[in-house]
Amino acid sequence: MSAPPVALPPAAAPSAPALRLGYAGLIPFVAGALLVWLVRADALPYVTLALASYAAIIVSFLGGIHWGIGFRDGTPALFAWGVVPSLVAWVALMMSPDAGLVISGAMLLGCYLVDRRVYPRHGLAAWLTLRFRLSAVSSLSCFIGAAGA
């Protein structure tokens, strides 16, 4: 039997260090998407693997956030959803980069859409602006990288 969810106060907006780190996390996405279009053909497999791997790591991280929220209030659905991004990221990483990057880009957007419903319920609505910006740039980078792969 699980305890009922505990009402928690809303979280503060992201701090300056969180904003800096979040935006810095876009560097591998943007650099990877650009490099896919700029490198010689012999380097392309390494660049696409780097971009696809980073995308998979970030998608998995987004699932892990739901485990953290679930630890706070014990909502079983958060734990269940939390493993989905990792499983999808793993499958995407095993695919060819042109297809896998599309899956990762779509999953980054899908995670944001889920978070738009989950975050406000758990007092985290103040993080949604940052989440939108990071999701938009990272998913676009995946799609641009896939087009050049």
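The values are calculated or read from the model by the stated rules, or taken from the named source; none is laboratory data. On a predicted model such as this, the values are computed, not experimentally measured, just so you know. All Cβ positions, glycine included, derive from the backbone under ideal geometry; neighbour counts span all protein chains shown.
Residues A55, A41: which one is under 18 Å from F132 (Cβ atoms) and either modelled with pLDDT of 95 or more or loosely packed, with under 15 Cβ neighbours inside 10 Å (or both)?
A55
If A33 satisfies all but one of (1) exposed (fewer than 13 other Cβ atoms within 10 Å of the Cβ); (2) at pLDDT 95 or above; (3) in contact with a Gly (Cβ under 6 Å, 6 or more places away or on another chain), what's the number of the condition it fails?
Only one criterion in (1) exposed (fewer than 13 other Cβ atoms within 10 Å of the Cβ); (2) at pLDDT 95 or above; (3) in contact with a Gly (Cβ under 6 Å, 6 or more places away or on another chain) is unmet by A33, namely (1).
Yes or no: P97 touching a helix residue (DSSP H, G or I) at 6+ places or on another chain (Cβ under 6 Å), modelled with pLDDT under 95 and closer than 16 Å to A146 by Cα?
In short, yes.
Across the range 116-139, what is the total count of residues that are under 16 Å from V84 (Cβ atoms) and in contact (Cβ under 8 Å) with a residue 40 or more places away in the chain?
1
Could you list, in sequence order, the residues of the range 67-98 that are exposed (fewer than 13 other Cβ atoms within 10 Å of the Cβ) and in contact (Cβ under 8 Å) with a residue 40 or more places away in the chain?
P76, S96
State yes or no: is A12 assigned to a loop (DSSP other than H, G, I, E, B) and either in contact with a helix residue (DSSP H, G or I) (Cβ under 8 Å, 6 or more places away or on another chain) or on the phi < 0 side of the Ramachandran plot (or both)? Reasoning before the result, please.
Working: assigned to a loop (DSSP other than H, G, I, E, B): yes; either in contact with a helix residue (DSSP H, G or I) (Cβ under 8 Å, 6 or more places away or on another chain) or on the phi < 0 side of the Ramachandran plot (or both): yes.
So A12 fits the description; yes.
Mind listing just one residue for me: the one in the range 24-45 that is over 21 Å from the mean Cα position of the chain (by Cα) and of a type outside the set (G, A, S) and, of those, nearest to G145 (Cα to Cα)?
W37
Of the residues A125, A106, which single one is under 23 Å from I27 (Cα atoms), surrounded by fewer than 19 Cβ atoms within 10 Å (Cβ to Cβ) and at pLDDT 95 or above? Break it down stepwise before answering.
Details: A125 fails: under 23 Å from I27 (Cα atoms).
Going through A125, A106 in turn, just one is under 23 Å from I27 (Cα atoms), surrounded by fewer than 19 Cβ atoms within 10 Å (Cβ to Cβ) and at pLDDT 95 or above: A106.
Considering each of F143, F132 in turn, give the residue that is closer than 18 Å to G25 by Cβ, surrounded by 15 or more Cβ atoms within 10 Å (Cβ to Cβ) and touching a helix residue (DSSP H, G or I) at 6+ places or on another chain (Cβ under 7 Å). Let's see the steps before the verdict.
Values: F132 fails: surrounded by 15 or more Cβ atoms within 10 Å (Cβ to Cβ).
From the options F143, F132, the qualifying one is F143.
Could you please find all residues in the range 17-47 being more than 20 Å from F143 (Cβ to Cβ) and outside any helix (DSSP H, G or I)?
Hits for the range 17-47 are R40, A41, D42, A43.
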